[in-house]
Amino acid sequence: MTKNEAEKNGVLLIISGPSGVGKSTICRRLEERLDAFLSVSATTRSPREGEAEGHNYRFMTIGQFEDELERGAFLEYARVYGGHYYGTPIEPVQQALAAGKVVILEIEIEGTIQVMDRYPDAIGVYIMAPTPVEQKNRIVGRKRDSAEAMAERLKMADGEIRYAKDCGAYHHFLVNESVQETVDAVVKIVSEKQQA
Ligand code: ADP
Ligand code: 5GP
């Protein structure tokens, strides 16, 4: 069996959305519900308090990231948010797909466009907050970002949503009112894909 034939068994699920809309919360819940493989990205940004190496991210220097990039170790990558690199290590993704798993990538729009080029069957889900005020409350409520980072990320949400709609990489746009309902909606989308 070729690698591509084997990979047909798995489902590649991409979750994106502006900061603070609930992506990480939803991805952790989906990981459990779907017994999925949740990809751990590499990044050159510094770890935040409470973040663990290999769990939230693989933290790298710019030099390490560029070496990995050079040897083709990433399925996709982007340099965004303050000039930091973010990328999806390709090997674990290929292995999980070959094992028939649902593979979840929580990545931004540029990365999604690259993945869709390579895996046109991937499912692109874009998550939004019910209102800008609710998004702000969520970002402030989790007490994670500096005031400048929060302001920057909130300001970017409108443009990001417009770009997500225009770029054609996303098939589903979900408003995350309740975590339970959003997770249920994504599970349904994945089941439909598995049965197609
Ligand atoms: P993201 O990964 O999109 O930046 P998080 O998953 O970190 O967002 O969620 C931001 C905050 O909002 C967290 O404190 C989380 O518990 C909360 N949250 C997530 N989804 C909801 C929801 N549907 N209703 C209320 N709060 C939510
Ligand atoms: P944060 O710095 O808040 O953890 O993440 C910032 C943004 O980077 C989020 O929108 C997240 O989806 C995106 N991101 C995380 N990992 C990756 C990745 O591997 N590739 C891409 N393209 N984006 C990522």
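Decide, for region 73-178, between rounded, prolate and oblate: order the square roots of the alpha carbon gyration tensor eigenvalues as a ≥ b ≥ c, take rounded if a/c falls under 1.5, and otherwise choose prolate if a/b is larger than b/c, else oblate.
prolate
What does the accessible area per residue of region 38-177 come to in Å², with a 1.4 Å probe and no ligands, DNA or RNA counted?
Per-residue accessible area for region 38-177 comes out at 54 Å².
Write down the percent of antiparallel bridges among all DSSP beta bridges whose residues are both part of the chain, to the nearest 5.
Percentage antiparallel, nearest 5: 30.
Say a site is exposed when it is one of the trypsin sites (Lys or Arg not before Pro), sits in a DSSP loop, and has at most 16 other Cβ atoms within 10 Å; what is then the longest site-free stretch of the chain?
72-141
Would you calculate a helix-derived [θ] at 222 nm for the chain, using -39,500 (n - 2.57) for each DSSP H run of n ≥ 4 and dividing by the full residue count, to the nearest 500?
-14500 deg cm²/dmol, from helical runs alone.
Can you tell me how region 3-195 classifies by the Cα gyration tensor, rounded, prolate or oblate, using a/c under 1.5 as the rounded cut?
Here region 3-195 falls in the oblate category.
With θ taken as phi - 60° and the coefficients 6.51, -1.76 and 1.60, list the Karplus ³J(HN,Hα) couplings across region 107-116 in order, rounded to whole Hz; mark glycine and proline as x.
Per residue, the Karplus-derived 3J(HN,Hα) values read 9, 8, 5, 4, x, 4, 4, 5, 5, 5 Hz.
What ³J(HN,Hα) values, in whole Hz, does the Karplus curve 6.51 cos²θ - 1.76 cosθ + 1.60 give for region 118-130 when θ = phi - 60°, with x put for Gly and Pro?
For region 118-130, the Karplus-derived couplings read 8, 10, x, 7, 4, 9, x, 10, 10, 9, 10, 7, x Hz, x marking Gly and Pro.
Keeping all protein chains in the complex and leaving out DNA, RNA and ligands, what accessible area do you get for L154 with a 1.4 Å probe, in Å² to the nearest 10?
50 Å²
The values are calculated or read from the model by the stated rules, or taken from the named source; none is laboratory data. In this text, all values refer to a predicted model and were calculated from it rather than measured experimentally. For neighbour counting, all protein chains shown are included, and Cβ atoms are generated from backbone atoms with ideal geometry for every residue, glycine included. Side chains are part of the model used for accessible areas, which takes the heavy atoms of the whole protein and leaves out ligands, DNA and RNA. Shrake-Rupley method; radii C 1.70, N 1.55, O 1.52, S 1.80 Å.
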